[in-house]
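Only one structure is covered here, and it is reproduced in the block below.
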Amino acid sequence: MPRVLAERVEVELSVDQLLSAIRQLGPEEREIIRNELASDWSQRLDRLLNQVWTRVEQDPIADEEIEIEVEAVRTARYAQRGR
């Protein structure tokens, strides 16, 4: 069970208990939590996309390479269905 330390008071809460506590908050407080969680995901997504674009710029893939890979996967899938 996760432990939460808030203002030097430690409380153990299950996920269900945490969700119950959040549901008891008013709309403004829930919006603050929603924004905080969305901000974290947004930052993680931005970092991930930056990593992807850096890789793309360093080692671009030609359309022909993509078509070859797609065709190879299609061929493999068709072969599996035929069994």
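Only the coordinates and a few stated rules stand behind these numbers; no lab work does. Since this is a predicted model, take the numbers as computed values, not measurements. Please note: Cβ atoms are built from the backbone with ideal geometry, for glycine as well, and neighbour counts cover all protein chains shown.
Results, tabulated for the structure shown:
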| item | result |
| --- | --- |
| Failed condition for Leu25, given (1) in a helix (DSSP H, G or I); (2) without any contact (Cβ under 8 Å) to a residue 12 or more places away in the chain | (1) |
| Filter pass, Leu18 being under 24 Å from the mean Cα position of the chain (by Cα), loosely packed, with under 11 Cβ neighbours inside 10 Å and without any contact (Cβ under 8 Å) to a residue 40 or more places away in the chain | no |
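This table checks each residue for (1) in contact (Cβ under 8 Å) with a residue 24 or more places away in the chain; (2) surrounded by 10 or more Cβ atoms within 10 Å (Cβ to Cβ); (3) outside any helix (DSSP H, G or I).
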position	(1), (2), (3)
Ala38	no, yes, no
Leu49	no, yes, no
Val56	no, yes, no
Ile61	no, yes, yes
Glu64	no, no, no
Glu69	no, yes, no
Tyr78	no, no, no
